Amino acid sequence: MTQDTALDMKDVELNEIDPEKQPMAAEEAESPVGGEKNGVVKVKLEDEDEECGARAVKFTGLSKEELLKVAGTPGWVRVRWALLILFWLGWAGMLAGAVVIIVQAPRCRPLPAMEWWNKGPLYQIGDPATFQDGSEVQDGVGDISGIQKRLDSLSTLKVKGLVIGPLHINSKDDPSGTMLKEIDQKYGTIEEFKSLLEAARKKSINLVLDLTPNYKGEDVWFTKEIKQSELITTQIKDAMHFWFEKGVGGIFISGFENIQNPGELIPELQNITANHSTEGKARVLLISANESTSDQIMSILNDTTAGILSTSYLLSKGNESDNTLGKRIRQYQESAWEENKTMWAIRPRLGHMASVVKEKLLRVYQLLLFTLQGTPLTLYGDEIGLKDLPGQPARGPYMQWDGGKNHGFSEGAMGEVNELNANFSFKAQEEDKESLLNLYKRLSDLRGKERSLLHGDFTLLHHTDKALAFARVWDQNERYVTVVNFAPEETTEVSIEHENIPEQCTVVLSSNPERKEGSSVSVKKVTLAAAEALLLKYPYSA
């Protein structure tokens, strides 16, 4: 094969190859500039360096000398001064606006000092013998271990303190046989009491110990002879030191109407309490007296510092409809409220609320208890409507926990059957959303969360022998109005007109099942069902 033939064959092979895969060098060699081969057009592009050079010539800025020369002209000087003045005027305007907002904005009211007993209800167990049998050998008698067994149930009530006792040894009307620093063995031992203290502390519950000296006798202060009275007050002071050192959160003493010098003794006991109070561990002194001496006690409280509460019992035996209740509430609310020094008990001084008022009114008084100013005090079983056993004086019933043997109180032998309280228990009411127990829980929770109910101001809006209404207000928080009807029939007599209360308020809760929660009520004329307890709220407005 000649050289020419070989070249021709190579041309044929190259022509048969896909144009896209043919070597660029071959195309450039065989095709003239600007011509085409196999549908490919050759276009010559401008040199990149030449194009960039052209752009550089077109877009040139001012030199430093030229810029300085322009900037110094009168027009630009005026523009710069105008912009600078506008900037500072804007800054000054924003500063002035902020000052106006701060000055005109409503100032938050300083929160009052709140101790543990101000933040929730106190639950009075009293004699442990009727609360829960917790001993290994079930003997049908409640004790200290039984209280510890029921701490989980008590914590669901959001209680802040348990008032227990008296537990000390007492020989009736015998000062020499009264030992305030020793626990009666039927209730347990000092070791069991310490265990209860620690278990309660873990649940943020304080123990308040009742040191009423002669609790088995008729005169709790042995005041038949002055020498005896002096002897027992010395014992009380010594015992207070002893139990505070053991870790109790407070001391409760009743019967102050029976001593001759409450104005001297109460400050002494309060000083002992204050001396045992430390940062984060405040102690309280609770005192109780009959209605006849309450004004004297309140006068004493006005002259003392914080850390002392007086119990006010709003009901008495055989007094189901008290037309002086509103008046007495107003008197108490106007006395010594700077320190929240009253502890409210919506029951008689001795006995359960359900033994005094009709069943329909139990919700009315529960609502009063948790929405009045001060610390609520409830007797064990009042949260489920427990009734006292008949007798003179009436006897405290054992607590009813569930539907088991002896209502869960004890597995041991019991005395008489409690017919008055046969159909209900703590557990059964827990499962009933509409029960008295769940109303108690809801009110206790609400009071602990809402500042107006916790430490708000009190304003009495309406009071007659049939109905009562008052407002609780704190600063810029939601406000509450309590309206209750004591009468066994419907009433329309409640009319609230107050400059700071809007005509329409919202229903928070009601004992009347026909009244829907969240609905609106006109307070200018409130229609209340028979024995209805009604809690309303309205928002803060500047």
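State which residue pairs qualify: first residue farther than 17 Å from MET240 by Cα and inside segment 203-220, second residue among the acidic types (Asp, Glu) in any location, beta carbons under 9 Å apart, and separation of 6 or more residues or different chains. Matching pairs, first to second residue: LYS203/ASP152; LYS216/ASP173; GLY217/ASP173; GLY217/ASP174; GLU218/ASP173; ASP219/ASP173. The set of residues in segment 138-172 that are in contact (Cβ under 8 Å) with a residue 40 or more places away in the chain and of a type in the set (A, V, I, L, M, F, W, C) comprises VAL141, ILE144, ILE147, LEU151, LEU154, LEU157, VAL159, LEU162, VAL163, ILE164, LEU167. Residues PRO110, PRO106: which one is within 28 Å of the chain's Cα centre (by Cα) and free of Cβ contacts under 8 Å to residues at least 40 places away in the same chain? None of the other options fit; the residue is PRO110.
Can you report the number of residues in segment 199-257 which are in a helix (DSSP H, G or I) and either open to solvent by 20 Å² or more (accessible area, probe 1.4 Å) or aromatic (Phe, Trp, Tyr) (or both)?
Let us first name the residues in segment 199-257 that are in a helix (DSSP H, G or I), namely 199-202, 226-246, 256-257.
Then drop every residue that is not either open to solvent by 20 Å² or more (accessible area, probe 1.4 Å) or aromatic (Phe, Trp, Tyr) (or both), which leaves 199, 201-202, 226-231, 233-235, 237-238, 241-246, 256-257.
Going through segment 199-257 one residue at a time, the tally reaches 22.
Checked against (1) hydrophobic (A, V, I, L, M, F, W, C); (2) outside any strand (DSSP E or B); (3) within 26 Å of GLU115 (Cβ to Cβ), LEU437 meets all criteria but (3). In the set (1) at pLDDT 95 or above; (2) part of a helix (DSSP H, G or I), the condition left unmet by LEU454 is number (1). Looking only at residues in segment 81-109 that are modelled with pLDDT under 85 and part of a helix (DSSP H, G or I), which one is most open to solvent (accessible area, probe 1.4 Å)? If we take residues in segment 81-109 being modelled with pLDDT under 85 and part of a helix (DSSP H, G or I), then GLN104 is most open to solvent (accessible area, probe 1.4 Å). Would you be able to tell me the number of residues in segment 450-481 that are farther than 29 Å from ALA530 by Cβ and touching a His at 6+ places or on another chain (Cβ under 8 Å)? Summing the residues that are farther than 29 Å from ALA530 by Cβ and touching a His at 6+ places or on another chain (Cβ under 8 Å) in segment 450-481 gives 1. For THR278, the conditions (1) more than 17 Å from LEU211 (Cβ to Cβ); (2) surrounded by fewer than 18 Cβ atoms within 10 Å (Cβ to Cβ); (3) at pLDDT below 85; (4) not basic (Lys, Arg) all hold with the exception of (3). Count of segment 233-266 residues, restricted to those that are at pLDDT below 90, among the charged types (D, E, K, R) and out of contact with any helix residue (DSSP H, G or I) (no Cβ under 6 Å at 6 or more places or on another chain), is 1.
The set of residues in segment 170-180 that are at pLDDT 95 or above and either part of a loop (DSSP other than H, G, I, E, B) or surrounded by fewer than 19 Cβ atoms within 10 Å (Cβ to Cβ) (or both) contains only MET179.
Look at segment 110-156 and say how many of its residues are among the hydrophobic types (A, V, I, L, M, F, W, C), surrounded by 14 or more Cβ atoms within 10 Å (Cβ to Cβ) and outside any helix (DSSP H, G or I).
First, pick out the residues of segment 110-156 that are among the hydrophobic types (A, V, I, L, M, F, W, C): 111, 113-114, 116-117, 122, 125, 129, 131, 137, 141, 144, 147, 151, 154.
Subsequent filtering for residues that are surrounded by 14 or more Cβ atoms within 10 Å (Cβ to Cβ) retains 116-117, 122, 125, 129, 131, 141, 144, 147, 151, 154.
Filter once more, keeping what is outside any helix (DSSP H, G or I): 122, 125, 131, 141.
Number of matching residues: 4.
Taking into account only those residues within segment 70-80 that are in a helix (DSSP H, G or I) and open to solvent by less than 100 Å² (accessible area, probe 1.4 Å), which is farthest from LEU379 (Cα to Cα)? Can you show your working first?
Kept after step one, since they are in a helix (DSSP H, G or I), are these residues of segment 70-80: 70-71, 74-80.
With the extra rule that they be open to solvent by less than 100 Å² (accessible area, probe 1.4 Å), the set shrinks to 70-71, 74-75, 77, 79.
On the way: VAL70: 92, ALA71: 88, PRO74: 90, GLY75: 88, VAL77: 85, VAL79: 82 Å.
Selected residue: VAL70.
Looking across segment 493-535 at every residue that is in a strand (DSSP E or B), over 22 Å from GLU359 (Cα atoms) and of a type outside the set (A, V, I, L, M), the one that is most open to solvent (accessible area, probe 1.4 Å) is identified as GLN504. When segment 408-427 is filtered for residues that are open to solvent by 80 Å² or more (accessible area, probe 1.4 Å) and either at pLDDT 90 or above or under 25 Å from the mean Cα position of the chain (by Cα) (or both), the ones remaining, listed by number, are GLU411, LYS427. Of all residues in segment 362-383, those satisfying the criterion of being open to solvent by less than 10 Å² (accessible area, probe 1.4 Å) and among the hydrophobic types (A, V, I, L, M, F, W, C) are VAL364, LEU367, LEU368, LEU369, PHE370, LEU372, LEU377.
If we keep just the residues of segment 159-169 that are assigned to a loop (DSSP other than H, G, I, E, B) and in contact with a helix residue (DSSP H, G or I) (Cβ under 9 Å, 6 or more places away or on another chain), which is most open to solvent (accessible area, probe 1.4 Å)? Outline the logic, then answer.
As a first pass, look at segment 159-169 and keep what is assigned to a loop (DSSP other than H, G, I, E, B): 159-160, 165-167.
If we keep only those that are in contact with a helix residue (DSSP H, G or I) (Cβ under 9 Å, 6 or more places away or on another chain) as well, we get 159-160, 165, 167.
On the way: VAL159: 6, LYS160: 66, GLY165: 6, LEU167: 6 Å².
Applying the filter and picking the extreme gives LYS160.
Scanning segment 372-384 for residues that are assigned to a loop (DSSP other than H, G, I, E, B) and either of a type in the set (Ser, Thr, Tyr) or touching a Phe, Trp or Tyr at 6+ places or on another chain (Cβ under 7 Å) (or both) returns LEU372, GLN373, GLY374, TYR380, GLU383, ILE384. Here is the figure for segment 181-198: residues that are closer than 25 Å to GLY307 by Cβ and open to solvent by less than 20 Å² (accessible area, probe 1.4 Å) total 2. The residues listed here are GLU430, GLU434; of these, the one that is surrounded by fewer than 20 Cβ atoms within 10 Å (Cβ to Cβ), over 30 Å from THR491 (Cα atoms) and not small (Gly, Ala, Ser) is GLU430. Restricting segment 447-457 to residues that are out of contact with any Lys or Arg (no Cβ under 6 Å at 6 or more places or on another chain) and open to solvent by 30 Å² or more (accessible area, probe 1.4 Å), the residue that is nearest to ILE496 (Cα to Cα) is ASP457.
The values are calculated or read from the model by the stated rules, or taken from the named source; none is laboratory data. For clarity, every value in this text was computed on a predicted model and none was experimentally measured. Every residue, glycine as well, gets a Cβ built from its backbone with ideal geometry; the counts of neighbours run over all protein chains shown. Just the protein is used for accessible areas: all its heavy atoms, side chains included, with ligands, DNA and RNA removed. Shrake-Rupley method; radii C 1.70, N 1.55, O 1.52, S 1.80 Å.
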